1. Within the set of pairs 6 or more residues apart or between chains, which connect a residue that is closer than 17 Å to ASP395 by Cα inside the range 331-351 to a residue that is at pLDDT below 95 and not acidic (Asp, Glu) with Cβ atoms less than 6 Å apart?
2. Looking only at residues in the range 266-302 that are aliphatic (A, V, I, L, M) and under 14 Å from the mean Cα position of the chain (by Cα), which one is farthest from GLY68 (Cα to Cα)?
3. Mind counting the residues in the range 419-473 that are open to solvent by 10 Å² or more (accessible area, probe 1.4 Å), in a helix (DSSP H, G or I), among the polar types (S, T, N, Q) and within 23 Å of ASP380 (Cα to Cα)?
4. Give all pairs with beta carbons closer than 6 Å in which a residue from the range 176-193 that is more than 15 Å from PRO449 (Cβ to Cβ) meets a residue that is modelled with pLDDT under 95 and open to solvent by 50 Å² or more (accessible area, probe 1.4 Å); count only pairs at least 6 apart in sequence or on separate chains.
5. Across the range 161-215, what is the number of residues that are of a type in the set (Gly, Ala, Ser), open to solvent by less than 10 Å² (accessible area, probe 1.4 Å), out of contact with any Phe, Trp or Tyr (no Cβ under 6 Å at 6 or more places or on another chain) and farther than 21 Å from ARG457 by Cα?
6. Only one of these conditions is not met by GLY410: (1) modelled with pLDDT of 95 or more; (2) part of a helix (DSSP H, G or I). Which number is it?
7. Being outside any helix (DSSP H, G or I) and buried (at least 23 other Cβ atoms within 10 Å of the Cβ) is the filter here, so list the residues in the range 216-243 that pass it.
8. Collect the residues in the range 276-297 that are surrounded by 14 or more Cβ atoms within 10 Å (Cβ to Cβ) and among the basic types (Lys, Arg), keeping them in residue-number order.
Amino acid sequence: MPEPRRSLSVSLVAALTLSAAAAQEPTPAAPRSVAPFGAQVECRVLHDQDGAAAARRTLWVAYHDDAGPLRDHAQLLADLMLKHREAGVAIGVLLPTEAATRLAAQHPGFVVASCDAELQPDVALVVGCHGVDDAQWSTTSLDGAIDLLAMLDGDTQAFTEAEGTLQNLLGNVADGTGDFGPWVEQCLKSWPHSGRARACAALYRWWCKGDVAGAAQLVDEGLKALADDPVATTTFVDLVQRGDRFDPEVAKKLAMAMAPAAAAAPDGRFTQLVYLRALLRAGQDRLAGRLAATLPKKLDQRPYELLVLAETLTDLSAGAMYAEVAERAVQRAETLGADAQWVVAARHKCLTRAGRPEEAARLMAQHRGTNTSVSTLNNDCWYMMVRPDTMGRFDTYALAQADEMWRQDGDGMSAGNKDTVALAFFLNGRIERAIELQSAAAQANGNDPEYVGRLTRYRNTLAAQQARAAAGK
């Protein structure tokens with residue numbers, strides 16, 4: 001555990017992306033303008049839908065361009081338009097004029113309007129409009145869009161609070177710094193169709209309570225609840241499969257659930273990267289290989305996604321076969337100005353999986369420089385493991401920092417630091433050693449419930465592994 005603990009409030013900006021929405025001929029209609037951002041910004045409809053002009057509510061989604069997150073959302077948006085049209089709800093997409101013109105020519109199953117107001121790159125901005133412009137809400141994710149539509153008739157403050165509560169829970173649940181049970185239940189009540197909320201429920205059981213069987217049951221419930229929403233499913237699978245890697249049955253279920261979501265967004269960068277990890281975890285090597293071969297070119301100008309590709313390809317010990325492709329992706333990302341820590345972490349994972357431990361050790365020594373105090377190493381290690389954006393991505397990096405902590409302090413390490421090192425050992429498969437360290441940490445810290453929760457997870461995971469081995473599975 002870090003010293004001191006810091007509260008996390010990490011926005012999950014799912015880099016969601018234009019799937020092939022079923023082509024639909026445009027409905028002839030008189031040209032019209034809309035003002036989803038208020039009267040000061042007028043947007044022109046380039047592609048309309050039956051009933052959209054008379055809809056009592058419109059959910060507008062703004063994008064920077066037609067080559068990014070929209071590619072993940074298109075099928076969901078078309079489905080929402082079709083399902084809610086009879087209830088007087090329309091779905092619209094706002095794009096800069098050039099991109100809006102291209103999309104309108106494809107006749108998607110939702111309204112398309114040109115909007116040249118400045119839009120933040122690669123972030124979906126959801127704007128709920130009562131009539132024209134008398135209410136606006138914003139979020140950075142379309143996860144939970146079904147629940148969002150249900151809130152359109154509610155008050156904006158309630159939505160803002162529900163969104164903030166969910167984002168804060170996601171940013172803290174793996175950190176395990178409190179009893180998140182009531183918080184989880186509150187988010188599930190507000191967001192029953194959200195991948196983030198459903199994932200938080202499972203993560204809470206794994207990371208805070210050590211309830212391996214209970215988490216597996218919540219995975220089943222989450223997949224069932226989200227089955228009709230490819231965006232929520234992808235968000236859920238991404239978080240859950242990065243949150244725990246030890247149950248092969250869960251891995252298989254996640255891969256199966258991702259197949260239709262991936263088919264709905266064949267050009268969606270985020271979806272395809274999540275699907276790739278799911279295939280690799282489920283042992284679907286042939287399908288994973290085919291998908292992996294298509295992604296470097298698609299992601300060439302995207303430094304963040306290139307690093308995710310690299311760490312995904314080397315996610316398992318068998319990742320050595322992809323090490324060369326992964327390293328090229330890291331090099332390209334670095335050239336494009338990717339985050340320096342992510343570059344080091346991804347490169348370290350590539351070197352480790354390729355069986356080049358000396359090079360990996362030199363890389364980490366150079367990265368640390370003079371920042372080698374145990375406190376600095378502890379915080380770096382801990383947050384790399386528990387932050388929603390890095391959780392489950394760079395466990396080899398965390399282990400390298402943990403090993404350095406142990407080299408410096410050994411058995412004299414504080415209980416809080418032993419807690420951190422134990423988690424790093426556990427995530428890298430050193431489960432028995434993690435149990436030893438966590439037992440000592442818990443005893444030294446008065447059997448603090450947080451420490452005991454993690455210890456329970458380690459013990460239950462080891463017991464489940466032993467049971468599968470005894471059964472020949």
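The values are calculated or read from the model by the stated rules, or taken from the named source; none is laboratory data. Just so it is clear, the model here is predicted, and its values are computed rather than measured. Virtual Cβ from ideal backbone geometry, glycine too; neighbours counted across all protein chains shown. Side chains are part of the model used for accessible areas, which takes the heavy atoms of the whole protein and leaves out ligands, DNA and RNA. Shrake-Rupley method; radii C 1.70, N 1.55, O 1.52, S 1.80 Å.
1. CYS350/ALA323
2. This residue is ALA278.
3. The qualifying residues number 1.
4. Final answer for the pair search is HIS193/ILE146.
5. So the count comes out to 1.
6. Only one criterion in (1) modelled with pLDDT of 95 or more; (2) part of a helix (DSSP H, G or I) is unmet by GLY410, namely (1).
7. Scanning the range 216-243 gives LEU226, ASP229.
8. Correct list: ARG277, ARG281.
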